[in-house]
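Notes follow once the structure below has been shown.
Where a number appears in this text, it was derived from the coordinates with a stated rule and is not lab data. None of these values were measured; they are calculated from a predicted model. Cβ placement follows ideal geometry from the backbone for every residue including glycine, while neighbour counts extend to all protein chains displayed.
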Amino acid sequence: MAQSNPPFMSGVPELLLLRLLNEKEMYGYELVRSIKQATHEAISLGEGVIYPVLHSLERNGSLKSKRKTVSGRTRVYYALTKKGRDRLEKLRSDWSRIQGGVATALGAATNA
Amino acid sequence: MREPDFNALATRLIESGISPRHARRTVNELRDHYDDLVDAAVDNGANSKAARLHAANELGPMDEFVGQMASRRELKTWAFRYPQVAIVVYPIACLAVLPAMPVLVGFAKRSALMRWGASLLAAGLVTAVLLLTMQLSIILG
């Protein structure tokens, strides 16, 4: 069964997808494999979850897609746009701030 | 978990407000993803049935998928995004288009209409020739 992740994971799939697509264009299945690999399987999404995120990002202009036929199968490849790169930078900075804040709070709680 | 019913999924997506074109594309992507998962499981030694079950599990519940698609407003058609506007605009649009309907239908069915017109013309010509022949036979005795 696909492992579910806690509710505070909201927004993480978007960040990971943008980060991975910043390196090269990929299709859905390839992206899920890359997320598992990049996070050492710490983050294992229900695999269908990425498509609503991908389509939303495409709709708001952060991604663009194109179809390619590979080994007799039509793949939809996603690539980052300029707007997507800007969005990635913003999310990355937000994430660092939150991560730092949580780490500080947890450290303080441990030392108290 | 059961194998996903992709046709039913497309219907459910459309019912939840996703445009038919987008729903078809989504289902095609998901079906390809499922096929990739099945292939990977078979490559890892699973039999066909076990591979399909594994793929369905990995893909996650379809209810959850439909829920996530439906929760994203930007993926919905404008009528689902602005239902109040749609309630007003659709009837007005229908009334506005009503007078033009014969023309639009005529354009859409132009080939049938042209065939019908041509056969009517041919029938008229034959009738005219017959009437003319009768008239001539009366005149000439």
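Taking other Cβ within 10 Å of each residue's Cβ, how do A:TYR78, A:TYR29, B:TYR90 sort, fewest first?
On the way: A:TYR78 25, A:TYR29 21, B:TYR90 11.
The most exposed by this proxy come first: B:TYR90, A:TYR29, A:TYR78.
Round to the nearest 0.05 the FRET efficiency obtained for B:ILE14 and B:THR127 when R0 = 41 Å and r is the Cβ-Cβ distance.
Once the sixth-power term is evaluated, E becomes 0.20.
Going through the cross-link list A:LYS36/B:LYS76; A:LYS24/A:LYS66; A:LYS24/A:LYS64, which pairs have a Cα-Cα distance over 19 Å in this structure?
Result: A:LYS36/B:LYS76 exceed 19 Å.
Starting with the fewest neighbours, write out B:ASP36, B:ASP5 ranked by other beta-carbon atoms found within 10 Å of each beta-carbon.
Working: B:ASP36 21, B:ASP5 11.
Ranked by crowding around the Cβ, least crowded first: B:ASP5, B:ASP36.
What share of Cα pairs, in percent, lie more than 19 angstrom apart in chain B?
So the pairs more than 19 Å apart make up 72 percent of the total in chain B.
Per residue of B:26-33, what is the mean number of Cβ atoms on other protein chains within 10 angstrom of that residue's Cβ?
Partner-chain Cβ atoms within 10 Å, mean over residues of B:26-33: 6.
Taking only Cα atoms, what is the 0 to 90° angle, nearest 10, from helix B:48-59's long axis to the longest principal axis of chain B?
90 degrees
What distance in nm separates the two pseudo spin-label positions at A:SER71 and B:ASP63, each 7 Å out from Cα along the beta-carbon direction?
Here the answer is 3.4 nm between the modelled labels.
From the backbone phi of the stretch B:67-75, what are the Karplus-calculated ³J(HN,Hα) couplings (6.51 cos²θ - 1.76 cosθ + 1.60, θ = phi - 60°) in whole Hz, Gly and Pro given as x?
x, 6, 5, 5, 7, 9, 4, 5, 8
May I ask you to list, by number, the DSSP H helices of chain A whose Cα span along the axis is at least 30 Å and whose average Kyte-Doolittle hydropathy reaches -1.0 or more?
A:82-111
Going 7 Å from the Cα of A:ARG33 in the Cα-to-Cβ direction, what parts of the stretch B:20-50 have a backbone nitrogen less than 18 Å from that spot?
B:29-46
Could you name the aspartates and glutamates in cross-link range of A:LYS90, using Cα to Cα under 14 Å and dropping any fewer than eight places away on the same chain?
Hits, sequence-local ones excluded: A:GLU14.
Hey, what does the equivalent ellipsoid look like for the protein assembly as shown, semi-axes from the Cα gyration tensor as sqrt of 5 times each eigenvalue, largest first, whole Å? Mind showing how you got there, number by number?
Working: eigenvalues 693, 120, 56 Å².
Largest first, the protein assembly as shown gives 59, 24, 17 Å.
Would you mind computing, in nm to one decimal, how far apart the modelled labels at B:GLN84 and A:ALA108 are, each placed 7 Å from Cα along Cα→Cβ?
4.3 nm
Within chain B, what is the longest stretch that has no trypsin sites (Lys or Arg not before Pro) placed in a DSSP loop and near at most 15 other beta-carbon atoms within 10 Å?
Counting only loop sites that pass the neighbour cut-off, the longest clear stretch is B:3-71.
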